Amino acid sequence: GIPMEIIVGKMFKLEIWETLLSSMRTGEVSEFWCDAIHTGMYALVSRGMRRIAEGRDPLEGQKHRCGMGNMFDYHSTGYADLDELQRTPQPLIFIMELFRVEEPSAYKRDTWAMSQEEKLAAVPVLHSEGNRLVLRKEFRQAAAKYQEAVICLRNLQAKEKPWEDGWLKLESLVTPLVLNYCQCQLELGEYYEVLEHTTELLQKHNDNAKAYFKRAKAHAAVWNEREAREDFLRVAHLDASMAAAVKKELKQLGERMRKKHVEDRKRYQGLF
């Protein structure tokens, strides 16, 4: 019930569809006969579309993101007619209706569809949008913006050699975005998410005081007292300007733990 969108020039799996659609006018309905040489990938495309139409994730249960990789693993699309088409490729007839054509500048593309230059240009925009949403206390939406910016940068980093200049320059942009994302997750109460991302960050940058501070707050929230204290003390050691904030957090942690111990004693006394 939802029209399909194709971004022309971005190597859609079934390349012939781009050729067909580019020959049509808006509002036109056309029928095309395509030789089997052009339809080899149709079974994989159709499989994904069918799963979406069934309300399922097209990647659900897959070991790979690549459709062909999954075919090698499972030897089936999950649909008998498509499996038969894979075994014996056939010419196919496609009936298409073209609803709308948009200029490149009018279409808000997903990050996966952007060029390297476009991804790099999108990062400060996403960062700024995330900051604006934080000011409005819309933390979930802000986290999504920061996460999208990180994905852009990680995609670019994948083309660089780790720890060389290009990779390090991108990493310097990733770090504040991850920290902003973690702050949003703290506000949302997603403490284990914060522990995961700050720990991963600290494995690369073990002198980042802000990462230790956010991890300490997450540890404190899930009652990991020893780990929280260790991280808070590391913050004070790394950044003297944060000593006052650390002192305040340690005081609050002590009060919370004392209160918890009193409540636990009362609870256990009631059991006996």
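The values are calculated or read from the model by the stated rules, or taken from the named source; none is laboratory data. All of these numbers come straight from a predicted model, not from anything done at the bench. Because the Cβ atoms are built from the backbone with ideal geometry, glycine has one as well, and the counts that use them run over all protein chains shown. These area figures cover heavy atoms from the full protein model, side chains too; ligands, DNA and RNA do not enter into them. Shrake-Rupley method; radii C 1.70, N 1.55, O 1.52, S 1.80 Å.
When residues in segment 153-174 are screened for being surrounded by 12 or more Cβ atoms within 10 Å (Cβ to Cβ) and either more than 24 Å from Ser115 (Cβ to Cβ) or among the aromatic types (Phe, Trp, Tyr) (or both), 1 of them pass.
A quick yes/no check of all residues on (1) touching a residue at least 12 places away in the same chain (Cβ under 8 Å); (2) open to solvent by less than 100 Å² (accessible area, probe 1.4 Å):
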residue	(1), (2)
Ala221	yes, yes
Asn224	no, yes
Arg229	yes, yes
Met242	yes, yes
Lys248	no, no
Leu253	yes, yes
Arg258	no, no
Val262	no, yes
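Among the candidates Val125, Val178, the residue that is β-branched (Val, Ile, Thr) and either modelled with pLDDT of 95 or more or in a loop (DSSP other than H, G, I, E, B) (or both) is uniquely Val178.
Return yes or no: is Glu193 closer than 27 Å to Ala243 by Cβ, in a helix (DSSP H, G or I) and open to solvent by 40 Å² or more (accessible area, probe 1.4 Å)? No, not satisfied.
Scanning segment 19-32 for residues that are open to solvent by 30 Å² or more (accessible area, probe 1.4 Å) and in a helix (DSSP H, G or I) yields Thr19, Leu21, Ser22. Within segment 154-189, the residues that satisfy the criterion of being within 16 Å of the chain's Cα centre (by Cα) and under 27 Å from His219 (Cβ atoms) are Arg154, Val174, Thr175, Leu177, Val178, Leu179, Asn180, Tyr181, Cys182, Cys184, Gln185. Pairs linking a residue in segment 24-36 that is assigned by the TED database to the domain that holds Gln90 to a residue that is among the acidic types (Asp, Glu), with Cβ atoms under 6 Å and 6 or more positions apart or on different chains, are Val29/Glu97. Only one of the numbered conditions (1) open to solvent by less than 40 Å² (accessible area, probe 1.4 Å); (2) not in a helix (DSSP H, G or I) is violated by Asp207, and that is (1). For Ala143, the test of being crowded, with 18+ Cβ neighbours inside 10 Å and outside any loop (DSSP other than H, G, I, E, B) is passed.
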